[in-house]
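The values are calculated or read from the model by the stated rules, or taken from the named source; none is laboratory data. Worth saying up front: this structure is predicted, and the values here are computed from it rather than measured. Heads up, the Cβs are rebuilt from the backbone with ideal geometry, glycines too, and the neighbour counts pull from every protein chain shown.
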């Protein structure tokens, strides 16, 4: 079984992305990892080169910043990386620059890839998510966070990144048929030093909105205000080993009053049903579980 990883990144140092940790977290599963490194305002290229693994395959790209509607440029960059994956790969493992696979789930993902390698009806594998917010101590506990997403796909020409690169589609906009794997991806996109978070917030807003819209939507500030969140809970589990050094040099404080819950009544009901049944009412699914 041949497995290729793929990802894309730009300005990783400037916006403090844990992209090295992301790549290292899937490296044990992969025979190669394609990294599309966009032309950056920092030494992101040197950062990726510094991983110093023969498995790393770097392609240099230039982002088309005119593709601002719906974050489409992110899908374009994802597809550039996907296109560079070896044609004989059985599976392609996609990871974004702020995601890290916990090592305790490596075996589960590997076993699923092996189990369904020769099952052509399975287009991909679905992973579960934990979304950290503010610091490494809190995870989102509301409906605003997606529970699952496709992160392993077949290396096929009819499969492509969808919308803003959150998921994948095939052919003429058809959802992928997937199997759910009992494995968690840790999403750290909302865990940054407040100044870096504000910079990322303003920069990424440009990928979705015009300048005029951006002025109304994104509040300019020196630091990001983490207080405007609906509901969090303390995280009592462990973090991936590759994240330990980064966590140890955490240089900001974020304390959240867990008693402050701003969920609407209908959302409280939906979350209660989810905790009892495991099903989320009205959930958007960019996939078909088979």
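The residues in region 264-283 that are part of a loop (DSSP other than H, G, I, E, B), in contact (Cβ under 8 Å) with a residue 60 or more places away in the chain and out of contact with any helix residue (DSSP H, G or I) (no Cβ under 7 Å at 6 or more places or on another chain) can be counted, and the count is 1. Residue 242 satisfies every condition listed in (1) exposed (fewer than 15 other Cβ atoms within 10 Å of the Cβ); (2) part of a helix (DSSP H, G or I); (3) under 23 Å from the mean Cα position of the chain (by Cα) except (1). Just for region 10-43: of the residues that are out of contact with any helix residue (DSSP H, G or I) (no Cβ under 8 Å at 6 or more places or on another chain) and in a helix (DSSP H, G or I), which one is surrounded by the fewest Cβ atoms within 10 Å (Cβ to Cβ)? Once the filter is applied, the top-ranked residue is 27.
If you take the residues of region 45-68 that are in a helix (DSSP H, G or I) and out of contact with any helix residue (DSSP H, G or I) (no Cβ under 8 Å at 6 or more places or on another chain), which of them is surrounded by the fewest Cβ atoms within 10 Å (Cβ to Cβ)? Out of the qualifying residues, it is 46. Only residues that are outside any strand (DSSP E or B) and free of Cβ contacts under 8 Å to residues at least 12 places away in the same chain were counted across region 150-180, and they come to 3. Are any of the residues in region 71-80 under 17 Å from residue 165 (Cβ atoms), touching a helix residue (DSSP H, G or I) at 6+ places or on another chain (Cβ under 6 Å) and modelled with pLDDT of 95 or more? Checked region 71-80: no residue is under 17 Å from residue 165 (Cβ atoms), touching a helix residue (DSSP H, G or I) at 6+ places or on another chain (Cβ under 6 Å) and modelled with pLDDT of 95 or more. Taking the listed residues 71, 97, the one that is within 16 Å of the chain's Cα centre (by Cα) and in a loop (DSSP other than H, G, I, E, B) is 97, with no other qualifying. Answer yes or no as to whether residue 146 is surrounded by fewer than 22 Cβ atoms within 10 Å (Cβ to Cβ) and within 23 Å of residue 288 (Cβ to Cβ). Taking the combined requirement at face value, the residue satisfies it. Among the criteria (1) modelled with pLDDT under 80; (2) buried (at least 18 other Cβ atoms within 10 Å of the Cβ), the one residue 169 does not fulfil is (1).
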